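Structure, as C-alpha cells:
The values are calculated or read from the model by the stated rules, or taken from the named source; none is laboratory data. Please read all numbers here as calculations on a predicted model, not as lab measurements. Counting neighbours? That spans all protein chains shown, and the Cβs are built from the backbone with ideal geometry, glycine included.
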Amino acid sequence: MINTILVLGTMGLVAGIALAFASKYFHVEKDEKIEAVKELLPGANCGACGYAGCAALAKAVCSGEVQVSMCAALKEDEIRNISSLLGQTVTESARKKAYMKCVGGTNCQNRYEYFGPEDCICMSQYDGGVKSCSYGCVGGGSCLRACPFDAIIINEQKIAEIVYDKCTGCGVCVSECPKNLIFLSGEKDVYVACNSLEKGGVQKQFCNTGCIGCKKCEKACEYGAIQVNNFLAYIDYNKCVKCLKCIEVCPCDVIKF
C-alpha cells in the first residue's frame, strides 16, 4: 500500500515538474496590440474577411497586411477607433447588405406536402423543392442558422427575410442558399425580389408576386439601369440613381427599396 502511494506520488511529482518546465519553455509572449484589437472585433469568427477568425484578422491588421475595414461586422465608428489605436489612416469602405431575390413563400403554390428535414439543400433535392416555382425560396432556414449575427428570420410567409438593421454584409448566407437567391449589394439599393425565368403567363399561374417580364420598369427608367432578360428584370447598379420610377410602375410590386 505504502509502495503504491510512493510510486504514484513520485509519478505525480515528475509529471508536475515536466509540465512546469514545458509551460515555461514553450511559453509564447502575447502581443498586447493584437490582443487589444481582437477584443474590439465582434468575435463572431464568421470568416467573411477571408481569415480563419477574429484573432487571425487582428494579427493581419496589426502587421499592416490589411485594414480593419475588412471586417464587415464593424460600424464606421468602431473602425475609426481601431484605426486610431493602431495609428492608421481610416479608409472609408462601401458597406454592403444581403438582399433576398424572392418574396413568394405562401404567395406561391406548393406542389406536394414535405415531411423531411428543415434544411434547404434537402428540401431542394427532390424535384427542385416543394414550391411550384423551382426558382423560389423553400423556407428551410439554412441561411438563418448560418448567419452569425441573427440577421435572418423566416417570416409569416414561410420565407427567408433579411433583418437589415442587423445585417453586416458578411456574405455567409450567400453561400448557404442552394437556390442562389441571396446576394450582396450596397446599402439601401433598389433590387428585384424575384429570380424566376418563367414566362409571365406561366408565373402568374402559381405565384402572384413574381416578375412577369412586362418591361414597364425598363421603359420607365431614364438611365437605362434596368433591363428585362429571359422574362426577369435586372438592375445595373453602375447606372442606377435610385429614382424609384421602376418601383412605381411595377404591377407585381416585385421591385423593392
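Structure notes:
- On inspection, Y114 fails the criterion of being in a loop (DSSP other than H, G, I, E, B), touching a residue at least 60 places away in the same chain (Cβ under 8 Å) and among the hydroxyl-bearing types (S, T, Y).
- Hey, E187 of a type in the set (D, E, K, R), under 23 Å from N229 (Cα atoms) and either modelled with pLDDT under 90 or crowded, with 20+ Cβ neighbours inside 10 Å (or both) or not: no
- Against the test of being free of Cβ contacts under 8 Å to residues at least 12 places away in the same chain and either farther than 30 Å from C71 by Cα or surrounded by fewer than 20 Cβ atoms within 10 Å (Cβ to Cβ) (or both), the options G136, G128 yield a single qualifying residue, G128.
- Residue in region 207-216 that is surrounded by fewer than 17 Cβ atoms within 10 Å (Cβ to Cβ) and at pLDDT below 90 present: yes
- Single unsatisfied condition, Y112 versus (1) in contact with a strand residue (DSSP E or B) (Cβ under 8 Å, 6 or more places away or on another chain); (2) of a type in the set (F, W, Y); (3) surrounded by fewer than 16 Cβ atoms within 10 Å (Cβ to Cβ): (1)
- Residue match in region 226-240 (condition: in contact with a strand residue (DSSP E or B) (Cβ under 8 Å, 6 or more places away or on another chain), at pLDDT below 95, among the hydroxyl-bearing types (S, T, Y) and within 19 Å of T106 (Cβ to Cβ)): no
- Of the helices (runs of 4 or more DSSP H) lying entirely inside region 164-257, those containing at least 2 residues that are free of Cβ contacts under 8 Å to residues at least 60 places away in the same chain and either among the hydrophobic types (A, V, I, L, M, F, W, C) or touching a His at 6+ places or on another chain (Cβ under 8 Å) (or both) span 216-220, 245-249.
- From C133, C122, C137, residue being outside any strand (DSSP E or B), of a type in the set (A, V, I, L, M, F, W, C) and either under 16 Å from the mean Cα position of the chain (by Cα) or assigned by TED's automatic domain parsing to the domain that holds G50 (or both): C137
- Residue in region 88-99 that is surrounded by 15 or more Cβ atoms within 10 Å (Cβ to Cβ), assigned by TED's automatic domain parsing to the domain that holds K158, of a type in the set (A, V, I, L, M, F, W, C) and assigned to a helix (DSSP H, G or I) present: no
- Failed item in (1) closer than 17 Å to G104 by Cα; (2) in contact with a Ser or Thr (Cβ under 6 Å, 6 or more places away or on another chain), with I153 passing the rest: (2)
- Scope region 147-167; condition over 25 Å from Y112 (Cα atoms) and surrounded by fewer than 17 Cβ atoms within 10 Å (Cβ to Cβ); matching residues: D150, V163, Y164, D165, K166
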